[in-house]
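The values are calculated or read from the model by the stated rules, or taken from the named source; none is laboratory data. Owing to the predicted nature of the structure, the values given are computational and were not obtained by experimental measurement. In this analysis, Cβ positions are derived from the backbone assuming ideal geometry, glycine residues included, and neighbour counts consider all displayed protein chains. These accessible areas exclude ligands, DNA and RNA; they are computed on the full protein's heavy atoms, side chains included. Shrake-Rupley method; radii C 1.70, N 1.55, O 1.52, S 1.80 Å.
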Amino acid sequence: MMSPPENQYGDRRARGDDGAVSEGPVTLVYLCLEVAGCPTVCRHCWAQGTGYGMMPLAEIEWVLARAHEYCAGRGLGFDSYPMHELAAHPDAAELFGLFNSHSGTVAGGTMFEPWPTTGVSLALRGDWRDVLRAAAGTGTEHVWLAFHGTGETHDRQVSRRGAYAESCLAAERAREAGLGVGCNVFLTRDSLPRLDELIGVVGRLADEGACFETAGFLPTPRSRHNERLRLTLPDLAPWAARLGGLANPVCRSQWADLETRTEAAWVRQALAGDWPAIPDPAPGELALVCRTNFDVYSGLAGLYRTRHGNLRTDGVATVLGRALERGRERDDELWFGPGPLPAPDELAARYGDADGLGVHMGPESARYLWLDRAGRAGRG
């Protein structure tokens, strides 16, 4: 049974117990390359996907070749990933092998295992068989979708009418092509009344299992809007045993101790000085994002901070040299700006809800919510 493709924040970079990246030299450049916009605008999305123009295949090839060459010439590893929706690109079938050939971390395998997708573009494409065949031919064995409810409930969460039916069709097409299907199921107050139906649909479509969870909070307008739909412990407690039994093994344990995952519980843990450390998942990695116009920033797809220049007009060596000179940036700086931030115990004391029953599956969701409250209070 497959694991979900990435953490709640979509971010492979280092985070310590205060959200900082670990110190140390850069050994690998990770270039997130925005090649195709997303047909959905999902409220939970860490990458803030929207629709935008495509980067032509020839230009993708140029960026990957030149950036990879620059890094290799300096003894650095290189890795790159296509955003926001690979399946929306007209040359999607070509991109699996292309990106794998420039990956310094997959060691002859594929970075698209599992392959996360909204599913919408697979449902819309006439050549969907060719795309899935190309994915399977380069090592992909599973497609990973996301569901937010059934019917119109899902459609509202992703801002696209008919998206639920399209995601279901994509799952069926993946199964027909011989690929396994797994999914994240992001639960909200809107989806709870028809959860039985949703469980049945997921059970039928997702042969590789599902990760049932509440979406983590991020300091974005979408996430703030979504916060009003966060489920509470009383909402979820009656479902905990059932959802834990159905969940992917990676996600199963969170349903066994749901009472330790409310905001109030995170407040108590922070005040007790027992805030969990988050290990560095990618030591030495410098994360950059390249937009369709060749501008390169420190940051993540959808989150653009320090601009280092334009690969075409300034040159690859100049732009990547500036990025390397600046070095790795703290995740907290990307989301909240430069400068020291309050420690978890101070945040909990000043901005945490000691009686809050909203369920946050991980500590970063609660901490980011407190940091966001702190920032908004300061601006007020």
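Scan region 312-323 and give yes if some residue there is modelled with pLDDT of 95 or more, among the charged types (D, E, K, R) and assigned to a loop (DSSP other than H, G, I, E, B), otherwise no. Within region 312-323, one or more residues are modelled with pLDDT of 95 or more, among the charged types (D, E, K, R) and assigned to a loop (DSSP other than H, G, I, E, B).
Restricting 365, 298 to residues that are of a type in the set (Ser, Thr, Tyr) and either farther than 30 Å from residue 232 by Cα or assigned to a loop (DSSP other than H, G, I, E, B) (or both) narrows the list to 298. Selection over region 304-314 of residues that are of a type in the set (Val, Ile, Thr) and farther than 27 Å from residue 42 by Cα gives a count of 1.
Okay, residues lined up against (1) of a type in the set (A, V, I, L, M, F, W, C); (2) under 18 Å from residue 44 (Cα atoms); (3) touching a Lys or Arg at 6+ places or on another chain (Cβ under 6 Å); (4) at pLDDT 95 or above:
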| site | (1), (2), (3), (4) |
| --- | --- |
| 245 | no, no, no, no |
| 252 | no, no, no, no |
| 259 | no, no, no, yes |
| 264 | yes, no, no, yes |
| 275 | yes, no, no, yes |
| 280 | no, no, no, no |
| 293 | no, no, no, yes |
| 302 | no, yes, no, no |
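Of the set (1) modelled with pLDDT under 50; (2) surrounded by 17 or more Cβ atoms within 10 Å (Cβ to Cβ), all apply to residue 47 but (1). At positive phi, open to solvent by 20 Å² or more (accessible area, probe 1.4 Å) and in contact (Cβ under 8 Å) with a residue 24 or more places away in the chain - does that describe any residue in region 263-282? Yes; the residues of region 263-282 include at least one that is at positive phi, open to solvent by 20 Å² or more (accessible area, probe 1.4 Å) and in contact (Cβ under 8 Å) with a residue 24 or more places away in the chain. With respect to the conditions (1) among the hydrophobic types (A, V, I, L, M, F, W, C); (2) in contact with a Lys or Arg (Cβ under 8 Å, 6 or more places away or on another chain); (3) open to solvent by 10 Å² or more (accessible area, probe 1.4 Å); (4) over 27 Å from residue 106 (Cβ atoms), residue 316 falls short on a single one, namely (4).
The residues on offer are 134, 67, 123, 58, and the sole one that is hydrophobic (A, V, I, L, M, F, W, C) and either open to solvent by 30 Å² or more (accessible area, probe 1.4 Å) or outside any helix (DSSP H, G or I) (or both) is 58.
Scan region 167-216 residue by residue and report those that are touching a strand residue (DSSP E or B) at 6+ places or on another chain (Cβ under 8 Å) and among the acidic types (Asp, Glu). If the condition is that a residue be touching a strand residue (DSSP E or B) at 6+ places or on another chain (Cβ under 8 Å) and among the acidic types (Asp, Glu), then 207, 208, 213 are the ones that fit.
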